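Read-outs throughout are calculated quantities, based only on the coordinates presented, and are distinct from any laboratory measurement. For clarity, every value in this text was computed on a predicted model and none was experimentally measured. Note that we place each Cβ from the backbone using ideal geometry, even for glycine, and neighbour counts take in every protein chain shown.
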Amino acid sequence: MNNVIDNATVTGRARVCERAIVSEDATVSGDALVSGNAIVSDSAAISERAWVSGSAIVSGCARVCGRAIVNGNAIVIGEAKVWGEAQITGSAHVAGYSDVAANAHVSGRARVVGNAYIGGNATISGNVEIGDDAIVIGSALITEQKHVDWESFEARSGRYVLTLYMQANGSVGFTWGCRNGDDLRAYFDECFDYAASGLAAAPLEFLKAFEQANNIAN
């Protein structure tokens, strides 16, 4: 195969076709497909039924697996992982130790970096960057930077990142540690000890500022 060079390997029923290049120590396995002008290099791994096409680049130690799709001018690098039925399209950039999973779709000029996790049916597009330890799931619909924000707050068992994000139905979704939902105030009403201990005040102020930035009346 002229388009599989260096120490790269293609195994199973995987295919590399058209003008795609797989090089260095990269691997393509399972039923994966690399096509178009795509480049897979370094120690990147494409496996299962994943498809990398267009002018996409997957490099570093990045992994694309499951039924994930990376196409257009998208770039997946570092230790990033794209899996499930996630799609990375347009000129999106996924890097660092970030994960994009489930049915999430990252497109446009969006960047997912750091230790961020994007999952569920989340849609991230436009010129948006999500990083650090932010977690965006559910039916998130983020097309502007103001549609997402994150900050760490003290909870009952430690300090955790609280991520707020706009959802397709106009509500504000949240993830905080292992908790998630679409009504942070209701969550604190149920966990009355947060208010009693003063732990609810700062997160609620953060929510209020997020709502104001997005013109949400409360």
Counting other beta carbons within 10 Å of each Cβ, put Cys65, Cys178, Cys191 in order, fewest first.
-> Cys178, Cys191, Cys65
The chain: most fluctuating residue of Phe192, Phe174, Phe153 per GNM, C-alpha cutoff 10 Å | Phe192
In whole percent, what relative contact order does segment 1-120 give with Cα contacts below 8 Å and a gap of six or more residues?
-> 14
Sort Tyr97, Tyr194 so that the residue with the fewest other Cβ atoms within 10 Å of its own Cβ comes first and the one with the most comes last.
-> Tyr97, Tyr194
Fewest to most Cβ atoms within 10 Å: Ile135, Ile142 sort as Ile142, Ile135
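Highest first, please rank the peptides 155-165, 29-39, 85-95 by the mean number of other Cβ atoms sitting within 10 Å of their residues.
Listed from highest to lowest mean packing, they are 85-95, 29-39, 155-165.
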Tell me what the chain gives for mean residue ellipticity at 222 nm when only DSSP H runs of n ≥ 4 count, each as -39,500 (n - 2.57), the sum divided by the residue total, rounded to 500 deg cm²/dmol.
-> -3500 deg cm²/dmol
Between the Cα axis of helix 201-213 and the main Cα principal axis of the chain, the angle (0 to 90°, nearest 10) is 70
